[in-house]
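**Q** Okay, here's the structure, questions in a sec.
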Ligand SMILES: [Zn+2]
């Protein structure tokens, strides 16, 4: 997993491994400035947690009004697309990781769909 990256301070080639110290300027590779994969992984992880949570509360609060409810659904669909593991194919090192994120994504979106369905069926 270790590859060479450009030091952001001095353009020296250094290892992407976390904790690597640039021999030229002393820059230390941290969690968010290592290789691309790690950055994408952090993004996917944040989206996986944040997207369903945000959608859930938006839908719950937006149901008081028809138009806000429609906007909340559009937002939820947008976030579902954004957080879909299909956009992060290069991130997964193991099949377990891939299945893990797919499961969370599928279950949280089924859960959100059920809530939306319940709200619609109640208001008709
Ligand atoms: Zn450097």
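**Q** Sort largest first and round to whole Å: the equivalent ellipsoid semi-axes of the chain, each the square root of five times a Cα gyration tensor eigenvalue. Walk me through the numbers before you get to the answer.
**A** On the way: eigenvalues 333, 48, 16 Å².
Equivalent ellipsoid semi-axes, largest first: 41, 15, 9 Å.
**Q** Along the Cα→Cβ direction, 7 angstrom out, place labels at residue 39 and residue 114. What is the inter-label distance in nm?
**A** Here the answer is 3.8 nm between the modelled labels.
**Q** Let me ask you something else. For the chain, what is the relative contact order in percent, using Cα pairs closer than 8 Å and at least 6 residues apart in sequence? Write out the running numbers ahead of the final one.
**A** Details: 115 pairs, mean separation 22.0, N = 124.
Relative CO of the chain lands at 18 percent.
**Q** Give me the angle, in degrees from 0 to 90, between the Cα long axis of helix 36-62 and the longest principal axis of the Cα atoms of the chain, rounded to the nearest 10.
**A** Taking the Cα atoms of the chain, the angle to 36-62 is about 20 degrees.
**Q** Per DSSP helix of 4 or more residues, -39500 (n - 2.57); summed, then divided by the residues of the chain. What does that give at 222 nm, rounded to the nearest 500? Walk me through the numbers before you get to the answer.
**A** Values: 3 runs with 73 residues, N = 124.
So the helix-based figure for the chain works out to -21000 deg cm²/dmol.
Read-outs throughout are calculated quantities, based only on the coordinates presented, and are distinct from any laboratory measurement. Owing to the predicted nature of the structure, the values given are computational and were not obtained by experimental measurement. Methodologically, a virtual Cβ is constructed for each residue, glycine included, from the backbone with ideal geometry; neighbour enumeration extends over all protein chains shown.
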